[in-house]
Structures are given as structure tokens and as C-alpha cells.
1. Which of L92, L24, L49 moves the most in a Gaussian network model of the chain with Cα springs under 10 Å?
2. Tell me the label-point distance for the pair R40, L68, using the 7 Å Cα-to-Cβ offset, in nm and rounded to one decimal.
3. Specify the angular offset, from 0 to 90 degrees and rounded to the nearest 10, of the alpha carbon long axis of helix 10-25 from the longest principal axis of the alpha carbons in the chain.
4. With mean projected area of the Cα convex hull in nm² in mind, check [x] 10.3; [y] 7.7; [z] 8.3 and report the label derived from this structure.
5. Please identify the GluC sites (Glu not before Pro) of region 12-93 that satisfy two criteria: DSSP loop assignment and at most 12 other Cβ atoms within 10 Å. Which are they?
6. Run the helix sum for the chain: -39,500 (n - 2.57) per DSSP H stretch of 4+ residues, divided by residue count, reported at 222 nm to the nearest 500 deg cm²/dmol.
7. Relative contact order for region 10-120: what percent, with Cα pairs under 8 Å and sequence separation of 6 or more?
8. Pick from G43, G11, G79 the residue whose mean-square fluctuation is largest in a GNM of the chain, springs joining Cα atoms under 10 Å.
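Just so you know, all these numbers are worked out from the coordinates, no wet-lab data involved. This structure is a prediction, so every number in the text was calculated from the model and none was measured. Cβ placement follows ideal geometry from the backbone for every residue including glycine, while neighbour counts extend to all protein chains displayed.
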Amino acid sequence: MEHSNDDPYKGQAIAAESLYLLNLLFPIIPLIFLAFVYFRSRGIHSEYLRSHTLQPWIAALISTTLFLVINLVAWLMGGYSSLENLVSIHSLVALEVYTLLVILPFLIPGLFAITKAMSGQAWRYPLIGRFL
């Protein structure tokens with residue numbers, strides 16, 4: 001669905017997609033701001049805005065949950081036991097797992113989504129968009 005470049009919701013859509021991408025690199029804090037953007041725009045009936053606020057909100061929740069689970073497993077296996085042990089084999093494996101299994105697969109749809117938001121077009125995330 002195409003929209004004109006004068007779409008009043010374009011700024012919110014770009015902000016939501018940007019916060020989603022930022023959440024991949026720095027989990028949790030951008031998620032809070034993304035929640036604000038999503039909940040603020042929930043009552044607006046625009047397919048364009050909905051596709052660029054609801055889907056990144058759900059994808060950010062999934063990626064942040066995976067980040068927390070990966071780090072919890074690393075902590076339970078003996079990583080993060082002290083400041084001297086902060087950079088241990090467990091924490092490095094957790095970082096690699098998060099990078100390969102979360103950041104890379106979640107980054108590609110996010111990049112497509114932000115380019116669609118900038119051009120004023122709605123976008124469906126590959127897996128999440130099917131269920132919405």
C-alpha cells in the first residue's frame with residue numbers, strides 16, 4: 001500500500017523502525033521507547049502506521065527475550081560470576097550466539113522495514129506479519 005511522502009505518520013513509523021534496529025544492538029532501553037511509540041499510536045487506524053509500529057514492537061520483544069535467555073544460560077553455566085570473570089568463555093559464547101542467531105536474522109527484515117517506512121510504504125515482516 002503506497003502512501004504519499006506527506007503522510008502524517010511517517011515520522012512515527014521511521015522512529016519505531018529505528019528503535020527496533022537500535023534494540024538489536026542495545027537491548028532493553030530502546031524497547032522502552034519503542035513501547036511508548038507503539039502504545040501511543042495504537043488507536044490510529046492506519047495500515048501504514050500499524051505495520052511500522054506493531055511488527056517492530058513484537059520483533060523487539062522476541063529479540064530482547066532471546067537476549068535475556070541467552071545471557072541467563074551463560075550466567076547459569078558459570079559466566080558473569082565476578083567482575084574479573086566478566087569476559088569468560090561463557091559470556092563470549094553468549095555474545096556469539098546472540099550475534100549469529102538473533103542480530104543477523106532480525107536485522108535484514110528491519111532494514112527492509114525502515115526503507116519501506118522512509119518511502120511511505122507498508123511492510124510485512126516475514127514471519128510476524130503472517131499472524132497479524
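1. Taking springs between Cα atoms under 10 Å, the residue moving most is L92.
2. 2.4
3. 10
4. Recomputing mean projected area of the Cα convex hull in nm² here gives the entry labelled [z].
5. Those that pass, being in a loop and sparsely packed, are E84.
6. The per-residue figure over the chain is -21500 deg cm²/dmol.
7. Relative contact order comes out at 34 percent.
8. It is G43.
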